[in-house]
Amino acid sequence: MGKAEKDYEYAVRVSNLFAQLMTKSLSERLVAELTHEEITLPQLQAMRYIWLHRNATVGEVAEGLDISYPSATNMLNRLVRKGLVTRHGNPADRRFVEVQLTEKGERLTRQVEEERTARLKQVLDEMSPEERQSLIDGLTAFILTAVANDKQMIEEICLRCGVQANGKCPISETYPAVGCR
């Protein structure tokens, strides 16, 4: 096996480990710890979308999470029953139902986001400035290379930053037509 093949094999392993670490440690485990398994990761993702997109409709939540309208409706029904989300019909057009986080839902979403950021910061703080910059540069290059030949992927991976959009995104910087929303 040549050096390039070994590099590719190692890159696959490292990327799989990175994906697992982000999914397990900074998402699934974190949600279980902070919510005492009251909600699932997909439910938290819905709450995060609503948090970032004030007065979102059920259809926008479905589109933002890339799930079907009925799936979004069922998930939101569960969150309403748990007292984390409220629904408000639009009197002018009953087809549009807006969803908002309750105070409890807002508090929980903010708590998970703050803890996720703190845990990531803790790891990054243990890296040297050069290692941190290398990580950022490497991930940015990887993302931009991956989407360069697959424009549909841009929509699929977009974080839908909503109110937190600040222009510092390799996707929106490289593909301004996509923009953060």
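Just so it is clear, none of the values below were taken in a lab; they were calculated from the coordinates. Remember, predicted model here, so these are calculated numbers, not experimental data. With ideal geometry, Cβ positions are generated from the backbone for all residues, glycine too; neighbour counts draw on all protein chains shown.
By other beta-carbon atoms within 10 Å, ranking 15, 128 with the fewest at the front produces 128, 15. In this Cβ point-charge picture (+1 for Lys and Arg, -1 for Asp and Glu), the chain has a dipole of about 620 debye about its Cα centre. Quick one: Debye curve from the C-alpha atoms of the chain, no solvent, what's log10 I(q)/I(0) at q = 0.10, 0.17 Å⁻¹? Relative scattering, expressed as log10 I(q)/I(0), comes to -0.49, -1.26. Distance between the modelled labels on residue 77 and residue 142, one decimal in nanometres: 3.9 nm (7 Å Cα→Cβ projection). Between residue 110 and residue 4, the simple spin-label model (points 7 angstrom out along Cα→Cβ) gives 5.3 nm.
Against the chain, whose longest principal axis is taken from its Cα atoms, helix 69-81 shows a tilt of about 70°.
Taking the number of Cβ atoms within 10 Å of each Cβ as an exposure proxy, the fewest-first ranking of 147, 12 is 12, 147. Residue exposure proxy: 126, 28, ordered by other Cβ atoms within 10 angstrom of their Cβ from fewest to most, comes out as 126, 28.
Projecting the Cα atoms of 101, 40, 2 onto the dipole axis of segment 1-101, where Lys and Arg carry +1 and Asp and Glu carry -1 at the beta carbon, places 101 farthest toward the positive end. Note that segment 55-63 has calculated 3J(HN,Hα) couplings of 6, 6, 8, 4, x, 5, 4, 4, 5 Hz, one per residue in order, obtained from phi through the Karplus relation 6.51 cos²θ - 1.76 cosθ + 1.60 (θ = phi - 60°); glycine and proline are x.
Close Lys pairs in the chain, defined as Cα atoms under 27 Å apart and 8 or more places apart or on different chains, number 9.
Remind me, relative contact order of the chain in percent, using alpha carbon pairs under 8 angstrom and six or more residues apart?
Details: 148 pairs, mean separation 32.7, N = 181.
Averaging sequence separation for qualifying contacts and normalising by length gives 18 percent for the chain.
Ellipsoid fit via the Cα gyration tensor, segment 24-113: semi-axes of 23, 13, 11 Å, each the root of five times an eigenvalue, largest first.
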